[in-house]
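Scroll down for the structure; my scribbles are underneath it.
The values are calculated or read from the model by the stated rules, or taken from the named source; none is laboratory data. Being a predicted model, the structure only gives us computed values, none of them experimental. Cβ atoms come from the backbone with ideal geometry, glycine included; neighbour counts cover every protein chain shown. With ligands, DNA and RNA removed, areas are computed over all heavy atoms of the protein, side chains included. Shrake-Rupley method; radii C 1.70, N 1.55, O 1.52, S 1.80 Å.
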Amino acid sequence: MSRLLCVDFGSTFTKAALVDSSDGLVATAATPTTIGTDVLDGYRLLREQLASHGQVDEVLACSSAGGGLRLAVVGYEREVTAQAGHRVGLSAGARVCHVTSGPLTGADVAALRAARPDLVLLVGGTDGGNADVLLHNAGRIARARLGAPVVVAGNAKAQAEVAALLESTGRRYERADNVLPRIGVIAPEGARAAIRRAFLEHVIGGKGLSRGPEFAGMVQAPTPDAVLYGVEVLAQHLGGDVLVVDIGGATTDVYSALRPQGEDAGLAKDVVAPLWQSRTVEADLGMRWNAEGVVEAAHREHVAVPGALAAYAATVARDPSHLPVDATERALDLDLARAAALVAVRRHARPAGPGSSPRPLADVRVVVGSGGVLRHADEQGRADVLGAVVADHAGGWRVPRDATVVTDAAYLLFAVGLLREAHPEVAVALARAVVGDQPALVPGLR
């Protein structure tokens, strides 16, 4: 028996879940993230809050503090390798801040620098295919005044030459398997692992969030990457498709883990085949920082919202720390969450680009809501927000026919993901706590 402390250093709050390897969840705690001083100041406060529950034997952490991981994708052709790189970046827990394709020009390099990425994902060409653009872009990046490390995940036949170009100017880089080894096949795992390593080795310490080495040594992954792994564990435990909607202060993230079916990959006809574990990030759909963007997006999608919502969104956008003060504001907060969730899931379900298929969400068996607005809402408020998603027949996507809807009220999915590799049985037990009494959907899977 051991006590495992899972910590998420978030952009606004630092959250912790104390888990017993035999008995499951022991306690949770949260405190504002101490960006202004040292992120470990808040962490130490959490340790004090949880001290009465006994000794901690192991700490596992993820982080999106300081804005998380900003990733730029440089590809060969936007409809193929750049799109594949974009999808892999999102699935790796990054916020994709810039995408460019084709031979980089001086103006393209300037735009890349202006995007201020923490990391550059350099992709291009299928294995053994044309390498000219990949080599050209590697040379441009090698000479650019750009401090971000590079993950090279393009044409395998050209990677040694790419590495030589980057090494010639002392550029920091990691090599990974090609994200698009052949047309219609996307291979994310190598690049995802390299992005995670680069994030841990170069980005976490480089953000200056903590004065000592303890923080960098503690963090194992970007928070969205940990959550996606948690979603995968949940889907495996239930034996069914899972959709997660995380409504945050700055973004609304949607995760899905689906089982390929039938011809599936009858979807191999896609120019870039879908990732069956996927995440989309909607940076204009935030409950606080981007509240006005939610209202604008709702109008574009013809989602009905109360007339008073625009004024309320402007209020919280001016003061992102604002919390509802009365029943009227609480209702408007839920209206804002409902609009953000509807728009975000519609975007997640739609084809990612020309030649792509809609994401097949009709067989989703469990929809999980997450985010502070849902954790602090009553049952009726949660039902109003998430019920609107599963009944969104006007959204142009095939809604789940028979989905159970739950809320990750204790905020555990990040911890499930952190525990997945080192403590798989504990991860499954914690995933079970997320869905409560919901049984496995396939006999024998518990």
Item to check | Max mean-square fluctuation residue, GNM over the chain, Cα-Cα springs under 10 Å, options TYR312, TYR411, TYR43 | outcome: TYR312
Checklist outcome for this item: Between (1) 22.0, 70; (2) 23.2, 82; (3) 21.6, 63, the structure-derived Rg and Dmax of the Cα atoms in Å is (3)
Checklist outcome for this item: The summed charge of the ARG196 Cβ neighbourhood (under 12 Å; Lys/Arg +1, Asp/Glu -1) stands at -3
Next on the checklist: Suppose each label sits 7 Å from its Cα in the direction of the beta carbon; what would the GLU77-PHE13 distance come out to in nanometres?
Outcome noted: 4.7 nm
Checklist outcome for this item: Label model pair ARG401, VAL185: point-to-point distance (7 angstrom along the Cα→beta-carbon line) in nm is 3.3 nm
Checklist outcome for this item: For the chain, percent of DSSP beta bridges that are antiparallel (nearest 5) comes out at 45 percent
Checklist entry - Among SER91, SER2, what's the order by accessible area (1.4 angstrom probe), most exposed first? => result SER2, SER91
Item to check | Proximal charge balance of LEU18 [Cβ under 12 Å; K/R count +1, D/E count -1] | outcome: -1
Item to check | Segment ASP23-ALA311, extension gain: residue separation times 0.36 nm, minus the distance between their alpha carbons | outcome: 99.0 nm
Checklist entry - Which stretch or stretches of the range 370-412 have amide N atoms under 16 Å from the point lying 7 Å from ASP57's Cα along the Cα→Cβ direction? => result none
Checklist outcome for this item: Note: ARG113 to ASP132 extended length (0.36 nm per residue) minus current alpha-carbon separation gives 4.6 nm
Next on the checklist: Could you compute the net charge surrounding LEU234? Neighbours are other residues with a C-beta less than 10 Å from the C-beta of LEU234; K and R count +1, D and E count -1.
Outcome noted: -1
Checklist entry - Non-local amide H neighbours of LEU25 (under 5 Å, H modeled in plane, Pro and chain starts lacking H): which ones? => result ASP20
Checklist entry - Relative to the present Cα-Cα distance, how much length would full extension add between ALA394 and HIS202 at 0.36 nm per residue of separation? => result 64.7 nm
Item to check | In Hz, Karplus ³J(HN,Hα) per residue of the range 212-224 (6.51, -1.76, 1.60; θ = phi - 60°; x = Gly, Pro) | outcome: x, x, 4, 4, 4, x, 7, 6, 9, 6, x, 3, x
Item to check | R0 of 35 Å, Cβ-Cβ distance ASP319-GLU48: FRET efficiency to nearest 0.05 | outcome: 0.75
Checklist outcome for this item: For SER357 and GLU161, extending 7 Å from Cα along the Cα-Cβ vector and measuring point to point gives, in nm, a value of 3.6 nm
